[in-house]
Amino acid sequence: PTGYMENSISYSAIEDVQLLSWENAPKYCLQLTIPGGTVLLQAANSYLRDQWFHSLQWKKKIYKYKKVLSNPSRWEVVLKEIRTLVDMALTSPLQDDSIHQAPLEIVSKLLSENNNLTTQDHESIIVAIAPLLENNHPPPDLCEFFCKHCRERPRSMVVIEVFTPVVQRILKHNMDFGKCPRLRLFTQEYILALNELNAGMEVVKKFIHSMHGPTGQCPHPRVLPNLVAVCLAAIYSCYEEFINSRDNSPSLKEIRNGCQQQCDRKPNLPLRLLHTSPDLVSQEATLTESRLKPAIVTSNEIHVEVERNNTANQKMTANVGNDSEPNLIDCLMVSPTCSTISIELSAQADRILGCYVEILKMLSDYDDWRPALASLLQPIPFPKEALAHEKFTKELKYVIQRFAEDPRQEVHSCLLSVRAGKDGWFQLYSPGGVACDDDGELFASMVHILMGSCYKTKKFLLSLAENKLGPCMLLALRGNQTMVEILCLMLEYNIIDNNDTQLQIISTLESTDVGKRMYEQLCDRQRELKELQRKGGPTRLTLPSKSTDADLARLLSSGSFGNLENLSLAFTNVTSACAEHLIKLPSLKQLNLWSTQFGDAGLRLLSEHLTMLQVLNLCETPVTDAGLLALSSMKSLCSLNMNSTKLSADTYEDLKAKLPNLKEVDVRYTEAW
């Protein structure tokens with residue numbers, strides 16, 4: 001052929017590719033040998049020419065291997081060709097993802113089309129392609145093949161030696177299992193294969209530790225989200241058969257309403273949480289019987305026993321008029337009117353559940369992972385069948401306990417619901433919750449840690465008074481100090497309006513030594529508060545420099561300060577601890593805390609009680625965004641000095657939007673300046 005190339009040339013037609021190297025040859029040319037002649041390709045420079053040369057060679061060889069491996073005759077030859085293909089990919093100077101992915105896809109297709117291979121053939125092929133897997137994710141069909149090998153030969157050395165670095169790379173670099181679900185499934189099967197080894201969970205624990213690393217901070221930010229995604233998917237799979245049967249089971253609204261239309265449904269439902277037979281429906285309509293016979297439903301893998309009584313039936317009928325879809329935990333706690341719900345999984349599902357719940361427990365033991373883990377689990381990302389399973393909630397309790405023991409607010413605040421109107425772990429594991437299996441110890445622990453960090457103390461106490469007053473009083477009666485403190489705070493903040501309830505709380509407090517002592521202290525504080533708030537005293541007060549919290553408390557206990565409007569604590573040594581005294585000043589409008597050690601905890605308390613404060617000076621105090629955000633509830637603020645604090649620009653914009661009366665603001669020497 002002569003002239004310019006007008007028609008394309010197929011790669012299969014290229015017999016040879018050479019660089020022109022003879023004397024006086026055209027510059028930067030490639031010579032392609034094809035049937036009937038040669039073609040010269042001229043590039044603009046030597047770099048581009050070399051790119052063309054290696055790319056054409058690569059493409060030509062790939063077509064050759066595709067043809068050879070598409071019709072395998074002898075597996076010894078096939079294995080040799082696979083090794084040659086892998087060597088070619090590893091030694092190619094080309095830098096492109098497809099250089100390593102193309103051989104993996106060829107092998108993947110080969111394996112999917114030949115199902116009669118022996119186990120030895122499988123392992124030989126896996127070992128041959130192992131070098132390519134060090135820097136590349138396996139394609140979907142290859143993941144399927146790896147999963148099969150993990151299930152059939154979990155004790156094979158290939159699992160440890162070849163799959164371990166592959167799974168480590170997936171966990172470190174994968175960004176979205178939603179786009180690559182088979183990568184997640186392969187990781188899941190690999191971990192189960194580790195669990196089948198003689199050491200079992202010890203091997204899994206070592207693997208998790210290797211993913212975290214020996215230091216206190218994991219250097220790979222994607223490892224934890226990927227591990228949690230694998231755990232959630234595995235736990236979901238344990239209940240998948242039951243979840244798929246939801247189409248024929250009562251909706252949440254029907255469960256709340258007692259499933260009155262059950263007779264209209266199919267007779268043999270694979271129901272997991274609630275089943276009502278027609279004779280029981282008729283019996284439920286008769287309220288004169290004190291107890292109804294239990295209904296037992298069995299399927300091939302699950303057994304549910306439901307025992308009903310009149311009290312629960314009254315709760316159920318009280319909510320019939322509510323058309324709104326009930327939340328999940330209400331359905332589990334109240335609407336099924338169950339005294340016992342026992343779920344029995346198959347042996348295989350039980351092993352999977354035990355393995356992956358144990359991994360969640362391991363993850364919660366790492367301090368640096370705990371905040372992110374708490375955030376990922378805060379929405380309760382488990383099916384309702386899992387939450388109704390006693391073994392699951394009992395094992396998961398360890399994780400919730402770890403959250404409740406963590407002093408960091410970003411961890412234990414995740415025990416609360418992710419948004420208003422939705423229940424969280426706090427409700428699930430509190431007395432009356434479906435997961436509560438103790439006498440309230442975990443509940444008391446959660447209340448204690450939440451009260452210590454929650455700046456909306458009144459709102460939290462009000463929620464406890466409305467929903468958990470009974471359990472609080474019972475635990476206080478048993479001498480639990482946290483619950484005694486809660487009841488005292490309810491009285492001190494006037495949370496309880498009903499006189500009879502107040503008297504009942506007082507009786508509960510006086511029934512134990514610790515309660516009696518704390519109630520007497522409360523009465524003393526109330527008498528001091530009345531004296532402090534009595535009209536009279538100065539309108540302005542300035543403490544000497546170097547004064548302490550104790551000095552302020554001593555001063556405020558010495559007389560009446562009902563008229564105090566302006567208080568300056570500038571350049572003193574007061575801390576957040578003095579906030580409990582400041583909130584007792586009813587007329588306070590101006591507060592100067594310049595160059596003190598007053599911090600976030602004190603700001604949270606002030607923001608809830610001193611809502612009429614107009615001027616606040618926080619210059620050179622150690623407050624951060626966590627405390628400054630609480631000021632958004634102080635709508636009367638006109639002047640705010642945050643000079644030389646750790647204020648961020650985002651928090652500053654948020655405060656400006658939420659404080660309509662704010663006129664004077666000082667943010668010099670901050671990020672917002």
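The values are calculated or read from the model by the stated rules, or taken from the named source; none is laboratory data. Every value quoted in this text rests on a predicted model; they were computed, and no experiment measured them. As a convention, Cβ positions derive from the backbone with ideal geometry for all residues, glycine included, and neighbour counts pool all protein chains shown. Calculation scope for accessible area: heavy atoms of the full protein, side chains included, ligands and nucleic acids excluded. Shrake-Rupley method; radii C 1.70, N 1.55, O 1.52, S 1.80 Å.
Please determine whether any residue of segment 546-566 is more than 18 Å from Leu637 (Cβ to Cβ), buried (at least 18 other Cβ atoms within 10 Å of the Cβ) and among the charged types (D, E, K, R). Checked segment 546-566: at least one residue is more than 18 Å from Leu637 (Cβ to Cβ), buried (at least 18 other Cβ atoms within 10 Å of the Cβ) and among the charged types (D, E, K, R). Looking only at residues in segment 570-587 that are of a type in the set (A, V, I, L, M) and touching a helix residue (DSSP H, G or I) at 6+ places or on another chain (Cβ under 6 Å), the one that is surrounded by the most Cβ atoms within 10 Å (Cβ to Cβ) is Val574.
Residue-wise test of (1) under 20 Å from Asp121 (Cβ atoms); (2) in contact with a Ser or Thr (Cβ under 6 Å, 6 or more places away or on another chain); (3) open to solvent by less than 100 Å² (accessible area, probe 1.4 Å).
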site: Lys60; (1), (2), (3): no, no, yes
site: Ser73; (1), (2), (3): yes, no, no
site: Glu81; (1), (2), (3): yes, no, yes
site: Leu85; (1), (2), (3): yes, no, yes
site: Thr91; (1), (2), (3): no, no, no
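Scan segment 183-198 residue by residue and report those that are in contact with a Pro (Cβ under 9 Å, 6 or more places away or on another chain) and surrounded by fewer than 19 Cβ atoms within 10 Å (Cβ to Cβ). Passing the criteria: Glu196, Leu197. For the residues Ser648, Ser595, Ser633, Ser639, the requirement of being farther than 25 Å from Lys530 by Cβ, open to solvent by 50 Å² or more (accessible area, probe 1.4 Å) and among the small types (Gly, Ala, Ser) singles out Ser633. Restricting the search to helices (runs of 4 or more DSSP H) fully inside segment 408-461 and requiring at least 2 residues that are more than 19 Å from Asp367 (Cβ to Cβ) gives 425-428, 441-453.
Contact annotation: residue pairs with Cβ atoms under 8 Å, 6 or more positions apart or on different chains, pairing a residue in segment 515-534 that is without any contact (Cβ under 8 Å) to a residue 12 or more places away in the chain and not assigned by the TED database to the domain that holds Leu588 with a partner that is open to solvent by less than 90 Å² (accessible area, probe 1.4 Å) and of a type in the set (A, V, I, L, M), are Lys516/Leu509.
Is segment 486-508 home to any residue that is touching a Gly at 6+ places or on another chain (Cβ under 8 Å) and not assigned by the TED database to the domain that holds Leu628? Within segment 486-508 (the criterion being touching a Gly at 6+ places or on another chain (Cβ under 8 Å) and not assigned by the TED database to the domain that holds Leu628), the answer is yes, since at least one residue qualifies. Surrounded by fewer than 18 Cβ atoms within 10 Å (Cβ to Cβ) and under 20 Å from Ala372 (Cα atoms) - does that describe any residue in segment 199-207? Yes: one or more hits. Being closer than 22 Å to Ala234 by Cβ, open to solvent by less than 40 Å² (accessible area, probe 1.4 Å), assigned to a loop (DSSP other than H, G, I, E, B) and not acidic (Asp, Glu): is that true of Ile380 here? Yes, satisfied.
To keep it simple, each residue is scored yes or no on (1) open to solvent by less than 30 Å² (accessible area, probe 1.4 Å); (2) touching a Ser or Thr at 6+ places or on another chain (Cβ under 6 Å).
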site	(1), (2)
Asp423	no, yes
Lys459	no, no
Cys488	yes, no
Glu492	no, no
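Confirm whether Leu474 is among the aliphatic types (A, V, I, L, M), surrounded by fewer than 17 Cβ atoms within 10 Å (Cβ to Cβ) and not assigned by the TED database to the domain that holds His609. Write out each step before concluding.
On the way: among the aliphatic types (A, V, I, L, M): yes; surrounded by fewer than 17 Cβ atoms within 10 Å (Cβ to Cβ): yes; not assigned by the TED database to the domain that holds His609: yes.
Against the criterion (among the aliphatic types (A, V, I, L, M), surrounded by fewer than 17 Cβ atoms within 10 Å (Cβ to Cβ) and not assigned by the TED database to the domain that holds His609), Leu474 qualifies.
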